[in-house]
Amino acid sequence: MNSGNFLTSWSFDPYVTVLIGASTLAFYTGKNILSKQFSDKSNENNFVKAKQGLFLAGIVTLVVATMSPVNHFSHIYLWMRIFQTLLVIAYGPSLVVMSAPWDYLRVGFGRFLRPSSSTELGHESKPNPLWRFLSTPLVSFLVYNVTMLLWLIPSSISFVERYPLANEAMHITEIFAGLLLWVHLVDSPPFRSRVAPLIKRVVPTYFTVVISWVFAMVLGFANAPFYHVYITSMNSLSPMADQEIASAILFIIVAGPFVYAGVNNTRRWMASENEYRQKPVADNEDSSSLKKTEQIQKKKRKIPGLT
């Protein structure tokens, strides 16, 4: 496979294009409908602009990862494959989830699929049992890490190189796995967080990064190349050099969005704890009952596991 010209190595992924295009169209349709319901235009406009910027940044990240020369060179260099995977499963979904586009998407898709359905912001439907299972924090954590590692093992990459349709399946499953995990790591209303208190979010954040680091160290300290498909490709790097660069890319770049999530959640948790401690005591509150309340709160504020 010839590397070709970087500026002309754009590809077309029909399935990802439909997914991203339909979501973008629904986002702006819902935005236009709900913007008419805002009473405070000045404050809401700033809020909408922030959501719109994050959503577009996530969409652009996914487009660049799946249809730009990044996708083209991922078939030639292993380190580019790792970089593409991180963009698709971590960076793009994290930006989309932080934009909290769900009300816009619900109203936008509802306008196309059910024109007579309600467009009120407070309208809620019953949760789907499959969604409740997949959105369980532990299940989301496992789905994310299994999906990422499954598509990076040598046999899976060889399979993707033999069957082009598998490349589209890889991208779509990685996007959904990323969305499943990130709805638990950052606030994304109207989804109610199932990982509370905020400090508890550090647990899946930490272990997700550690799992990626372990895989990166396996690649970096290997004595022989694992990926035979990159040995036979038109690769200007030696197989071991390509694998070592891929290890460094995975080790360094994977931490980006997770460091933000960990620091932000820890900072907010500490601020809430300080606010609780500084709360003034009522004059008529008995000191003994206050001590009992503090003891109960200390027990509740233990750092829980991933549940």
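The values are calculated or read from the model by the stated rules, or taken from the named source; none is laboratory data. The structure displayed is predicted, hence computed values, not measured ones. Glycine gets a Cβ as well: all are built from the backbone with ideal geometry, and neighbour counts include every protein chain shown.
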(request) Could you please find all residues in the range 94-104 being at negative phi and within 17 Å of the chain's Cα centre (by Cα)? (result) Ser94, Leu95, Val96, Val97, Met98, Ser99, Pro101, Trp102
(message) Residues to consider are Ser272, Ser236, Ser247; find the one that is hydroxyl-bearing (Ser, Thr, Tyr) and surrounded by 14 or more Cβ atoms within 10 Å (Cβ to Cβ).
(response) Ser247
(message) Cβ-Cβ distance below 6 Å, separation of 6 or more or different chains: which pairs start in the range 102-113 with a residue that is over 14 Å from Val183 (Cβ atoms) and end on one that is of a type in the set (Lys, Arg) and buried (at least 18 other Cβ atoms within 10 Å of the Cβ)?
(response) Tyr104/Lys31
(request) Could you tell me whether the range 181-199 includes any residue that is within 26 Å of Leu19 (Cα to Cα), of a type in the set (Ser, Thr, Tyr) and surrounded by fewer than 18 Cβ atoms within 10 Å (Cβ to Cβ)? (result) yes
(request) Quick one: in the range 187-220, of everything that is hydroxyl-bearing (Ser, Thr, Tyr) and in a loop (DSSP other than H, G, I, E, B), which residue is modelled with the lowest pLDDT? (result) Ser193
(request) Tell me, please, whether a residue that is of a type in the set (A, V, I, L, M, F, W, C) and modelled with pLDDT under 90 can be found in the range 133-153. (result) yes
(message) Which numbered condition in (1) part of a helix (DSSP H, G or I); (2) touching a helix residue (DSSP H, G or I) at 6+ places or on another chain (Cβ under 9 Å) is the only one that Leu237 fails?
(response) (1)
(request) Scan the range 64-79 and give yes if some residue there is in contact with a Leu (Cβ under 6 Å, 6 or more places away or on another chain) and among the polar types (S, T, N, Q), otherwise no. (result) no
(message) Looking only at the range 194-234, filter to residues that are of a type in the set (S, T, N, Q) and under 27 Å from the mean Cα position of the chain (by Cα); which one of those is nearest to Ser155 (Cα to Cα)?
(response) Ser212
(message) With the condition being modelled with pLDDT under 90 and crowded, with 23+ Cβ neighbours inside 10 Å, I'd like the helices (runs of 4 or more DSSP H) fully within the range 38-115 carrying at least 2 qualifying residues.
(response) 102-113
